[in-house]
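The structure under discussion appears below in the form of structure tokens.
The values are calculated or read from the model by the stated rules, or taken from the named source; none is laboratory data. The model shown is predicted, which means the values in this text are computed figures rather than measured ones. Counting neighbours? That spans all protein chains shown, and the Cβs are built from the backbone with ideal geometry, glycine included.
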Amino acid sequence: MQPTLITIGLLCLSNIFMTFAWYGHLKSLSGKPWIIAALVSWGIALFEHLLQVPANRIGYSVMNVGQLKILQEVITLSLFVPFSFYYLKEPLKLDYLWAGLCMLGAVYFIFRSKFA
């Protein structure tokens, strides 16, 4: 499989873990002390790192650091919006659309040398 596809897949999986580590406790552990939420989040983040580190190492063989970072941010936003809507029951806002369009601009500028 191509390094780019492996990188995207691993970053998607790692971002699912990280989204739960960062924000899942707001719903599932809201009645617990913050230290409990932090420890649970760190445990979840371990799995994120076990996916994210190989993703970046594999991705770095075909992309530069800036491209990896923008790719990760696009994946993060793509996964965060459904998470906040379905899991946290946050309302959808047009701001997510505008942020997504800005991210598309970032993707264009960071990857345009690959398309020229």
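Table for the structure above
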quantity: Neighbours by Cβ (under 6 Å, 6+ apart or cross-chain): first from segment 44-71, over 12 Å from Pro3 (Cβ atoms); second of a type in the set (S, T, N, Q); calculated: Glu48/Ser14; Leu51/Ser14; Gln52/Ser14
quantity: Residues located in segment 1-46, provided they are in a loop (DSSP other than H, G, I, E, B) and aliphatic (A, V, I, L, M); calculated: Met1, Leu29
quantity: Of the criteria (1) under 21 Å from Arg112 (Cα atoms); (2) out of contact with any Leu (no Cβ under 8 Å at 6 or more places or on another chain), which one Arg57 fails; calculated: (1)
quantity: Hits in segment 90-114 - residues which are of a type outside the set (A, V, I, L, M) and either part of a helix (DSSP H, G or I) or closer than 17 Å to Ile16 by Cα (or both); calculated: Asp95, Tyr96, Trp98, Gly100, Cys102, Gly105, Tyr108, Phe109, Phe111, Arg112, Ser113, Lys114
quantity: Only listed residue being more than 13 Å from Asn15 (Cα to Cα) and not small (Gly, Ala, Ser), chosen from Glu48, Glu90; calculated: Glu90
quantity: Check on Ser14, under 30 Å from Met1 (Cα atoms), among the small types (Gly, Ala, Ser) and at pLDDT 95 or above; calculated: yes
quantity: Qualifying residue in segment 52-61 (condition: modelled with pLDDT of 90 or more, of a type in the set (Phe, Trp, Tyr), in contact with a Phe, Trp or Tyr (Cβ under 9 Å, 6 or more places away or on another chain) and surrounded by 12 or more Cβ atoms within 10 Å (Cβ to Cβ)); calculated: no
quantity: Tally, over segment 1-40, of residues that are farther than 30 Å from Tyr60 by Cα and either hydroxyl-bearing (Ser, Thr, Tyr) or surrounded by fewer than 17 Cβ atoms within 10 Å (Cβ to Cβ) (or both); calculated: 13
